1. Considering every residue within the stretch 126-145, establish whether at least one is open to solvent by 30 Å² or more (accessible area, probe 1.4 Å), of a type in the set (D, E, K, R), in contact with an Asp or Glu (Cβ under 8 Å, 6 or more places away or on another chain) and at pLDDT 85 or above.
2. Out of (1) modelled with pLDDT of 70 or more; (2) open to solvent by less than 60 Å² (accessible area, probe 1.4 Å); (3) more than 30 Å from Arg120 (Cα to Cα), the odd one out for Gly49 is which?
3. Of (1) more than 17 Å from Phe160 (Cα to Cα); (2) at pLDDT 95 or above, Phe111 satisfies all except one. Which?
4. Just give me the residues in the stretch 71-85 being open to solvent by 20 Å² or more (accessible area, probe 1.4 Å) and at pLDDT 95 or above, in sequence order.
5. Can you name every residue in the stretch 10-42 that is surrounded by 10 or more Cβ atoms within 10 Å (Cβ to Cβ), part of a loop (DSSP other than H, G, I, E, B) and at pLDDT below 70?
Amino acid sequence: MRAAALGLLAVLATALSMPLAVSPAAAQVRVTFVAPERYTDAQNRFGSGLSPRVVLAEMRRLFETLGNQVLAPGQTLDIAVLDIDLAGLDQPSFGAAQGVRVVTDITPPRFRLRYALKERGRTLLAAEEVVSDINFLLRANRLSSGQTFFYEREVLRDWFQARFVQRRPPPG
């Protein structure tokens with residue numbers, strides 16, 4: 001028993017004395033919300049949906065998740081969110097204590113963003129742009145019903161693919 005314990009200690013000591021392999025730094029997405037109280041959808045005027053605090057937390061998670069899926073290790077993406085306009089319009093509801101968000105083909109989600117993609121301190125891409133898709137309802141299907149921020153997620157997923165995977169420049 002004592003010999004087995006000494007053998008295990010020797011293996012552990014050998015393993016701990018070996019230099020650790022250095023892996024490349026993981027991609028990092030940093031999101032800041034600039035003056036969120038002035039966003040198009042900053043106010044939940046008719047109580048139709050989530051509070052602004054919850055919306056911002058979900059948007060942060062969405063940006064970070066999508067960014068980490070497409071960025072290469074060692075890349076850093078800084079995103080300043082300048083405005084958020086969720087899909088649809090907040091409308092009062094008749095007879096209900098809360099309002100409803102009515103989504104139509106003329107109310108796409110829209111984000112105004114300023115961003116910089118960096119790698120090892122060097123800026124690869126930096127711009128300010130409005131991210132939206134007037135055809136956002138064409139991708140709607142039965143599976144989308146009930147998912148929070150489905151339209152916003154799809155528009156941002158397309159944007160991440162176009163900008164950071166395919167490296168298409170911003171329009172204009």
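The values are calculated or read from the model by the stated rules, or taken from the named source; none is laboratory data. Every value quoted in this text rests on a predicted model; they were computed, and no experiment measured them. Heads up, the Cβs are rebuilt from the backbone with ideal geometry, glycines too, and the neighbour counts pull from every protein chain shown. These accessible areas exclude ligands, DNA and RNA; they are computed on the full protein's heavy atoms, side chains included. Shrake-Rupley method; radii C 1.70, N 1.55, O 1.52, S 1.80 Å.
1. yes
2. So the condition that Gly49 fails would be (1).
3. (1) is the only condition that Phe111 fails.
4. The answer is Thr76, Asp78, Leu82.
5. Matches in the stretch 10-42: Ala25 only.
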